[in-house]
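Here's the structure we're looking at; comments come further down.
The values are calculated or read from the model by the stated rules, or taken from the named source; none is laboratory data. In this text the structure is predicted, and so the values were computed from the model without any measurement. Backbone-built Cβ (ideal geometry, glycine too); neighbour counts: all protein chains shown. Quick note on the areas: whole protein, heavy atoms, side chains included, nothing else; ligands and nucleic acids left out. Shrake-Rupley method; radii C 1.70, N 1.55, O 1.52, S 1.80 Å.
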Amino acid sequence: MAPASKTLKIDGKDISIPTGLFINNEFVEAKEKAVFGIENPATGEIVIEVQEGRADDVDIAVKAARKTFKSKEFKEMNPAGRAALLHKLADLMEQHKDELCAIEMLDTGKTHKQASNLDVPGSIGTLKYYAGWADKILGQASFNVPGTFSYTRREAVGVCGQIIPWNFPLLMFTWKIAPAFACGNTVVIKAAEATPLSALYMCQLIKDAGFPAGAINLINGYGKNAGAAIASHMGIDKVAFTGSTVTGRAILKAAASSNLKKVTLELGGKSPNIVFPDADLKKATCHTGTRIYVHEDIYDDFIKTYTERLQKVKVGDNFDKEVDQGPQNSKMQYDKILSYIKSGQDEGATLHLGGKIDEIAQKGGKGYFIQPTIFTDVKPDMKIMREEIFGPVVAISKFKSEEEVIDFANDTSYGLAAGIHTKDYERAIRVTSALEAGTVWVNMYNFVHWSMPFGGYKESGIGRECGDSALENYTEIKTVYFNMGLRAPDALD
Ligand code: ADP
């Protein structure tokens with residue numbers, strides 16, 4: 001029996017959300033009929049229960065994805081047809097963008113501004129961008145090997161397992177499925193257990209857009225179970241993961257000890273943001289990240305401007321249009337952030353602002369609200385300077401020279417991104433070259449675009465998503481040699 005969908009009233013709108021697993025274009029019950037509850041982080045209340053897939057369900061989805069991948073219709077599908085489907089899905093998202101925005105807000109705790117400025121348009125843009133690539137994926141032709149004509153083909157890898165996190169559920173869903181499908185692969189994807197709702201809604205749109213059955217399959221469930229089953233499945237040819245470095249290691253191990261499936265990983269970060277003395281302080285305090293190095297000449301001014309900015313941040317229910325910062329995504333995340341705040345205090349950093357549960361926002365003790373928090377005088381070996389917190393907690397430190405701050409910035413096992421603020425473009429070019437990070441922002445921070453590669457140096461990952469880099473993740477290169485009848489078959493010259 002197909003499980004029901006549930007209608008939720010979100011932000012005054014009735015929105016119907018399917019609750020099943022999505023296999024072969026149908027919403028189905030999990031084999032073991034298990035379900036799990038999804039919380040509204042602003043209240044801590046369970047708002048919906050969805051089917052919980054486990055290893056058996058992953059297996060069924062992989063078989064469906066394989067059958068579709070091997071089918072004549074799918075193999076011979078005109079790439080322009082795949083482009084048309086991605087465009088159709090993007091159009092349906094446009095038509096339902098208010099619903100997608102509301103679902104994402106309910107599921108993650110994001111504000112309307114965050115979801116409507118970034119998550120929804122970023123996801124639609126990603127689909128359109130990869131629609132554009134679908135019929136432009138080319139190989140090379142060569143006459144350089146004497147006596148032969150040789151060429152390369154870029155072929156789909158096969159069945160792709162994809163595992164995504166809770167912080168950008170909709171965006172990560174599209175970052176994963178769009179390049180995979182554009183290149184002619186089929187997909188078994190798992191959303192994070194805390195935030196599966198936008199992926200479920202997307203599957204309804206995928207079906208409505210007319211994607212072939214079995215092309216995109218969604219198995220929601222827990223990481224240790226459904227996620228681990230994807231990483232170790234012998235029938236999956238490639239796994240793409242976004243999440244923590246700890247889980248990334250587990251996935252790499254599972255891939256190595258199963259079928260050596262191809263792996264791309266987009267992992268954690270602790271991205272430095274460097275503010276030089278000639279920076280525009282207003283801009284520099286706008287989007288800051290959580291590890292900030294400020295030159296000693298402007299340190300006091302920076303802290304003053306930044307503190308004034310954060311004191312104005314209104315924390316509360318993310319559906320309230322006046323609110324700038326909603327709840328943290330889950331109890332687990334909330335507890336983790338509070339424990340980092342405690343560790344900052346225990347290790348001797350100065351708690352300059354915030355640092356507490358936001359009881360005003362909580363209205364009667366409900367929801368996962370934390371005050372915007374600034375630590376100053378943070379030393380390089382403190383946990384809040386080294387580990388990814390994923391919350392409104394900023395660690396600030398002082399520096400004297402360019403050489404010194406480059407060392408500070410690179411003194412991390414991560415290498416996801418970095419930012420610098422300066423008006424001196426010679427310095428900007430020197431410092432961006434010296435930073436060990438996959439993305440560097442100059443006079444801006446925390447910006448990504450689907451058309452440019454994104455991924456990490458060092459323990460922040462393997463491979464790049466977005467841009468044409470993602471096409472490499474989802475294609476195999478085949479080299480074909482034709483003997484033109486002019487060469488001895490065994491001669492190498
Ligand atoms: P975060 O710390 O950002 O929540 P996780 O790495 O725990 O990141 O989770 C990201 C995704 O990885 C989620 O979809 C989660 O269910 C999944 N996951 C967690 N553990 C495993 C695992 N052992 N194998 C595969 N996937 C996992």
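Which residue pairs have Cβ atoms under 9 Å apart, sit 6 or more places apart or on different chains, and have a first residue in the range 323-346 that is within 15 Å of Arg386 (Cα to Cα) and open to solvent by less than 20 Å² (accessible area, probe 1.4 Å) and a second that is within 16 Å of the ligand (Cβ to nearest atom) and among the β-branched types (Val, Ile, Thr)?
So the pair list comes out as Ile337/Ile389; Ile337/Val393; Ile341/Ile389; Ile341/Val393; Gly344/Val393.
Can you pull out every residue in the range 63-79 that is within 27 Å of the chain's Cα centre (by Cα) and open to solvent by less than 70 Å² (accessible area, probe 1.4 Å)?
Hits for the range 63-79 are Ala64, Ala65, Arg66, Thr68, Phe69, Pro79.
Look through Gln328, Gln333 and report the one residue that is within 16 Å of the ligand (Cβ to nearest atom) and part of a loop (DSSP other than H, G, I, E, B).
On inspection, the qualifying residue turns out to be Gln328.
Here are some residues: Ile251, Ile274, Ile298. Which one is farther than 27 Å from Ser232 by Cβ, open to solvent by less than 60 Å² (accessible area, probe 1.4 Å), in contact (Cβ under 8 Å) with a residue 40 or more places away in the chain and hydrophobic (A, V, I, L, M, F, W, C)?
Only one candidate qualifies: Ile274.
When you check Thr245 against the structure, is it without any contact (Cβ under 8 Å) to a residue 40 or more places away in the chain, within 26 Å of Arg386 (Cβ to Cβ), open to solvent by less than 30 Å² (accessible area, probe 1.4 Å) and polar (S, T, N, Q), yes or no?
No; evaluated as a whole, the condition is false for this residue.
Taking the range 254-264 on its own, how many of its residues are crowded, with 24+ Cβ neighbours inside 10 Å and within 10 Å of the ligand (Cβ to nearest atom)?
Residues in the range 254-264 being crowded, with 24+ Cβ neighbours inside 10 Å and within 10 Å of the ligand (Cβ to nearest atom): 0 in total.
On the given criteria, is Asp377 touching a residue at least 24 places away in the same chain (Cβ under 8 Å) and open to solvent by 60 Å² or more (accessible area, probe 1.4 Å)?
So Asp377 passes the test.
Conditions (1) touching a residue at least 24 places away in the same chain (Cβ under 8 Å); (2) not hydrophobic (A, V, I, L, M, F, W, C), marked per residue:
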{"residue": "Ala437", "(1), (2)": "yes, no"}
{"residue": "Val440", "(1), (2)": "no, no"}
{"residue": "Met444", "(1), (2)": "yes, no"}
{"residue": "Pro453", "(1), (2)": "no, yes"}
{"residue": "Glu472", "(1), (2)": "no, yes"}
{"residue": "Glu476", "(1), (2)": "yes, yes"}
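Please specify each residue of the range 9-27 satisfying the condition of being part of a strand (DSSP E or B) and surrounded by fewer than 19 Cβ atoms within 10 Å (Cβ to Cβ).
Residues satisfying the conditions are Lys9, Lys13, Asp14, Ser16, Glu26.
Output the number of residues of the range 95-110 satisfying the condition of being in a loop (DSSP other than H, G, I, E, B) and open to solvent by less than 10 Å² (accessible area, probe 1.4 Å).
Counting residues in the range 95-110 that are in a loop (DSSP other than H, G, I, E, B) and open to solvent by less than 10 Å² (accessible area, probe 1.4 Å) gives 1.
Just one of (1) touching a strand residue (DSSP E or B) at 6+ places or on another chain (Cβ under 8 Å); (2) not in a loop (DSSP other than H, G, I, E, B) trips up Leu92, so point out which.
(1)
Which of the residues that make up the range 220-242 are in contact with a strand residue (DSSP E or B) (Cβ under 7 Å, 6 or more places away or on another chain) and either within 6 Å of the ligand (Cβ to nearest atom) or of a type in the set (Asp, Glu) (or both)?
Gly227, Ala231, Asp237 - these are the residues of the range 220-242 that are in contact with a strand residue (DSSP E or B) (Cβ under 7 Å, 6 or more places away or on another chain) and either within 6 Å of the ligand (Cβ to nearest atom) or of a type in the set (Asp, Glu) (or both).
Going through the range 391-413 one residue at a time, which ones are open to solvent by less than 50 Å² (accessible area, probe 1.4 Å) and farther than 18 Å from Val378 by Cα?
Passing the criteria: only Glu402.
Could you list, in sequence order, the residues of the range 144-161 that are open to solvent by less than 30 Å² (accessible area, probe 1.4 Å) and either over 30 Å from Asn217 (Cα atoms) or not assigned by TED's automatic domain parsing to the domain that holds Lys70 (or both)?
Within the range 144-161, Gly147, Thr148, Ser150 meet the criteria.
Against the definition (open to solvent by less than 10 Å² (accessible area, probe 1.4 Å), more than 10 Å from the ligand (Cβ to nearest atom), of a type in the set (D, E, K, R) and touching a residue at least 40 places away in the same chain (Cβ under 8 Å)), how does Lys176 come out, yes or no?
Considered against the rule, which asks whether it is open to solvent by less than 10 Å² (accessible area, probe 1.4 Å), more than 10 Å from the ligand (Cβ to nearest atom), of a type in the set (D, E, K, R) and touching a residue at least 40 places away in the same chain (Cβ under 8 Å), Lys176 comes out as yes.
Among the listed residues Ala194, Ala182, which satisfies the condition of being within 16 Å of the ligand (Cβ to nearest atom) and buried (at least 19 other Cβ atoms within 10 Å of the Cβ)?
Within the list Ala194, Ala182, the selection yields Ala194.
So which residues in the range 336-364 are outside any strand (DSSP E or B), among the β-branched types (Val, Ile, Thr) and at pLDDT 95 or above?
Scanning the range 336-364 gives Ile337, Ile341.
Can you tell me which condition Asp358 does not meet? The list is (1) in contact with a helix residue (DSSP H, G or I) (Cβ under 8 Å, 6 or more places away or on another chain); (2) in contact (Cβ under 8 Å) with a residue 40 or more places away in the chain; (3) open to solvent by less than 60 Å² (accessible area, probe 1.4 Å), and all the others hold.
Answer for Asp358: the failing condition is (1).
Just one of the numbered conditions (1) free of Cβ contacts under 8 Å to residues at least 12 places away in the same chain; (2) open to solvent by less than 40 Å² (accessible area, probe 1.4 Å); (3) not β-branched (Val, Ile, Thr) is not true of Glu426; which one?
Glu426 satisfies every listed condition except (2).
Does Phe454 count as closer than 30 Å to Ala250 by Cα, among the aromatic types (Phe, Trp, Tyr) and open to solvent by 30 Å² or more (accessible area, probe 1.4 Å)?
No, not satisfied.
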